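**Q** Below you'll find the structure I mean.
The values are calculated or read from the model by the stated rules, or taken from the named source; none is laboratory data. These figures come from a predicted structure and were not determined experimentally. Note that each Cβ is placed from the backbone with ideal geometry, even for glycine, and that neighbours are counted across all protein chains shown. Heads up: the accessible areas ignore ligands, DNA and RNA and are worked out on the full protein's heavy atoms, side chains in. Shrake-Rupley method; radii C 1.70, N 1.55, O 1.52, S 1.80 Å.
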Amino acid sequence: MKELLIITIGAALVNNVVLNQFLGLCPFLGVSKKSETAAGMSGAVIFVMTIASAFTSIIYKYILVKTSLEYMQTIVFILVIAALVQVVELFLKKFSPSLYESLGVYLPLITTNCAVLGVALINAQKDYGILTSIVSGLATAIGFTLAILIMAGIRERIEFNDIPESVQGSPIVLITAGLMAIAFAGFAGLV
Amino acid sequence: MNNYLLSITFLAINWSNVIIATLVVAAIGLIIGIMLGIAALKLDFAVDTRELEVRELLPGVNCGACGYAGCDALAKAIAQEEAPSDACPVANSATHKLIADLMGQVVEEREPQLAYVNCAGTCEKAKDKYEYHGLLDCKAAMLVPGEGHKSCSFGCLGFGSCVNVCAFDAIHIIDGIALVDEEKCTACGMCVAECPKDLIELVPKRSEYFVTCISTAKGKDVRTVCSAGCIGCRLCVKACEYDAIDFNNNLAKIDYDKCVNCGECAKVCPVKVIKIVTA
């Protein structure tokens, strides 16, 4: 239990997927213009990351390790995650149209999200068990949610600010992201 | 020398590893592929393209006259058979037919209609009780004692609440009263609902004669406030051979179902309140 808690805090705050490991930057910069869309994206990421962690760790543990093909993990994980998202999408469309509609376009978007693949690879690298992998995936997704929601909130306020012409648009967002990363560096040493 | 090096590299590759790796990844790919295929078949359901097709047929003005949030919402309701295929009051019967065909339904052809403002009390014909200096809106003017500045409490106030709700630019204030542009009017009924005086009604497009007054006041009282009001003389009722004029509360009203556009009523009307509108 203690170990899981440590993994959770470590994955969500200390080793924040966006601000510390710089994974999943495309959605972090792309869909953080409005809190609503950021929340939608976060929901989809939490959903996919948790499920993907479970499946990839099962496949890693019972197929790749057994056949000593660990070096094929990147290819296999991409395959598994892409297929998984497709199945989940079909499943949701059929049984929960409302959830499908609220996740909307974000679900297929994160099929190839590097953060999702990154979590699977980190889980394999750290040799986590299946439950630990799921917890780690969920915590990483929560970390992503935290980062993107804070970013969206800041960006909504930046809209009203008088920003120097040379850093308007993407530059100010990247500067903000850098400052956020520095702030999150304050969590270092917590675990 | 070159040949020797080449053969060394060639031999150095552990071929069984390559084959195992290829086979394992191919097998995983195959299994996932089959599972995806099965999932797609099991979870397959027909995507309703009718919603998009219905949306294409609808006018797309988003006037809201159908009671839905816009054309998209109505298209969805029609596609899910929550709304009848002729729910759009703006679309003509040809469009209704197309939508009904698409949905496999049968609709009765509706008679084309028009909005008609039942007031002829223009600035010079109708008198004012007082000068109104309030908000230029019919509903606001209605709150003032006497229900507006017009001497006739039934008449059009002319502030254009109906003009504001019209999505088709089909109604305008001319000479102090609202007038419908027959070319542009789609009979969506938004102005009918908006008018605080309930002056506007939907009439069949083929009708040509209208009693352009809704005043139920007595003839003398009508006369004192407006020279274009129905005084309740009953001459038209007598003139009509088709029994197409109802007479109630000092007011003549043409029954458009019975009216054959003969025009006898307009000929005998002493105040010329029966207007002729030829399309």
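**Q** Kindly evaluate A:ILE46 against the criterion of being at pLDDT 80 or above, surrounded by 17 or more Cβ atoms within 10 Å (Cβ to Cβ) and either within 14 Å of another protein chain (Cβ to nearest Cβ) or under 19 Å from B:VAL25 (Cα atoms) (or both).
**A** The answer is no for A:ILE46.
**Q** Could you say which residue among B:PRO84, B:PRO89 is farther than 20 Å from B:VAL165 by Cα and assigned to a loop (DSSP other than H, G, I, E, B)? Before you say what the answer is, go through the steps one by one.
**A** Working: B:PRO89 fails: farther than 20 Å from B:VAL165 by Cα.
From the options B:PRO84, B:PRO89, the qualifying one is B:PRO84.
Residues are listed down the side, and each one gets a yes or a no for (1) in contact with a Pro (Cβ under 9 Å, 6 or more places away or on another chain); (2) modelled with pLDDT of 85 or more; (3) part of a loop (DSSP other than H, G, I, E, B):
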position: B:GLU111; (1), (2), (3): yes, no, yes
position: B:LEU114; (1), (2), (3): yes, yes, no
position: B:GLY121; (1), (2), (3): no, yes, yes
position: B:GLY134; (1), (2), (3): no, no, yes
position: B:ALA141; (1), (2), (3): yes, yes, no
position: B:SER153; (1), (2), (3): no, yes, yes
position: B:CYS156; (1), (2), (3): no, yes, yes
position: B:VAL163; (1), (2), (3): no, yes, no
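**Q** For B:ILE254, only one of the following conditions fails: (1) under 15 Å from B:ALA120 (Cβ atoms); (2) open to solvent by 50 Å² or more (accessible area, probe 1.4 Å). What is its number?
**A** (2)
**Q** Would you say A:LEU84 is surrounded by 17 or more Cβ atoms within 10 Å (Cβ to Cβ), within 14 Å of chain B (Cβ to nearest Cβ) and under 21 Å from A:TYR128 (Cβ atoms)?
**A** Numbers: surrounded by 17 or more Cβ atoms within 10 Å (Cβ to Cβ): yes; within 14 Å of chain B (Cβ to nearest Cβ): yes; under 21 Å from A:TYR128 (Cβ atoms): yes.
Spelling it out, A:LEU84 is indeed surrounded by 17 or more Cβ atoms within 10 Å (Cβ to Cβ), within 14 Å of chain B (Cβ to nearest Cβ) and under 21 Å from A:TYR128 (Cβ atoms).
**Q** Within region B:267-279, track down each residue that is open to solvent by less than 60 Å² (accessible area, probe 1.4 Å) and under 31 Å from the mean Cα position of the chain (by Cα). Give the steps one after another, and end with the answer.
**A** If we filter region B:267-279 for residues that are open to solvent by less than 60 Å² (accessible area, probe 1.4 Å), which is where we start, we get B:268-269, B:271, B:273-274, B:277.
Residues satisfying the conditions are B:VAL273, B:ILE274, B:VAL277.
**Q** Can you spot a residue in region A:3-22 that is within 11 Å of another protein chain (Cβ to nearest Cβ), part of a helix (DSSP H, G or I) and open to solvent by less than 40 Å² (accessible area, probe 1.4 Å)? Can you show your working first?
**A** Kept after step one, since they are within 11 Å of another protein chain (Cβ to nearest Cβ), are these residues of region A:3-22: none.
Taking every residue of region A:3-22 in turn, none turns out to be within 11 Å of another protein chain (Cβ to nearest Cβ), part of a helix (DSSP H, G or I) and open to solvent by less than 40 Å² (accessible area, probe 1.4 Å).
**Q** A further question follows. Is at least one residue of region A:2-15 without any contact (Cβ under 8 Å) to a residue 60 or more places away in the chain, farther than 27 Å from A:LEU149 by Cβ and over 19 Å from the mean Cα position of the chain (by Cα)?
**A** yes
**Q** Tell me the residue from A:LYS66, A:LYS94 that is within 14 Å of chain B (Cβ to nearest Cβ), outside any helix (DSSP H, G or I) and either open to solvent by less than 50 Å² (accessible area, probe 1.4 Å) or not polar (S, T, N, Q) (or both), please.
**A** Numbers: A:LYS94 fails: outside any helix (DSSP H, G or I).
Matching residue, one of A:LYS66, A:LYS94: A:LYS66.
**Q** Considering B:ALA87, B:ALA65, which residue is closer than 30 Å to B:PRO112 by Cα, away from chain A (no Cβ under 14 Å) and without any contact (Cβ under 8 Å) to a residue 24 or more places away in the chain?
**A** Numbers: B:ALA65 fails: without any contact (Cβ under 8 Å) to a residue 24 or more places away in the chain.
The conditions single out B:ALA87.
**Q** Let me ask something else. Consider region B:87-106. How many of its residues are farther than 16 Å from B:ALA187 by Cβ and out of contact with any Cys (no Cβ under 9 Å at 6 or more places or on another chain)?
**A** Taking region B:87-106 first, the residues farther than 16 Å from B:ALA187 by Cβ are B:97-106.
Next, from what is left, pick out any that are out of contact with any Cys (no Cβ under 9 Å at 6 or more places or on another chain): B:97-98, B:100-106.
Of the residues in region B:87-106, 9 are farther than 16 Å from B:ALA187 by Cβ and out of contact with any Cys (no Cβ under 9 Å at 6 or more places or on another chain).
**Q** I'm trying to understand the selection: among the residues of region B:208-251, which are open to solvent by less than 20 Å² (accessible area, probe 1.4 Å), among the polar types (S, T, N, Q) and in contact with a Ser or Thr (Cβ under 9 Å, 6 or more places away or on another chain)?
**A** If the condition is that a residue be open to solvent by less than 20 Å² (accessible area, probe 1.4 Å), among the polar types (S, T, N, Q) and in contact with a Ser or Thr (Cβ under 9 Å, 6 or more places away or on another chain), then B:SER215 is the only one that fits.
**Q** With the structure loaded, tell me whether A:ALA38 is within 12 Å of chain B (Cβ to nearest Cβ), part of a helix (DSSP H, G or I) and modelled with pLDDT of 85 or more or whether it fails that test. I'd like the intermediate steps shown before the answer.
**A** Numbers: within 12 Å of chain B (Cβ to nearest Cβ): no; part of a helix (DSSP H, G or I): yes; modelled with pLDDT of 85 or more: yes.
Spelling it out, it is not the case that A:ALA38 is within 12 Å of chain B (Cβ to nearest Cβ), part of a helix (DSSP H, G or I) and modelled with pLDDT of 85 or more.
**Q** Also: Name the single residue, out of those in region A:100-148 being in a helix (DSSP H, G or I) and aromatic (Phe, Trp, Tyr), that is most open to solvent (accessible area, probe 1.4 Å). Explain how you work it out, then say what you get.
**A** Restricting attention to region A:100-148, the residues satisfying the condition of being in a helix (DSSP H, G or I) are A:100-103, A:106-112, A:114-125, A:130-148.
Restricting the remaining residues to those that are aromatic (Phe, Trp, Tyr) gives A:100, A:106, A:144.
Numbers: A:TYR100: 54, A:TYR106: 34, A:PHE144: 0 Å².
Step by step, filter region A:100-148, then rank; the result is A:TYR100.
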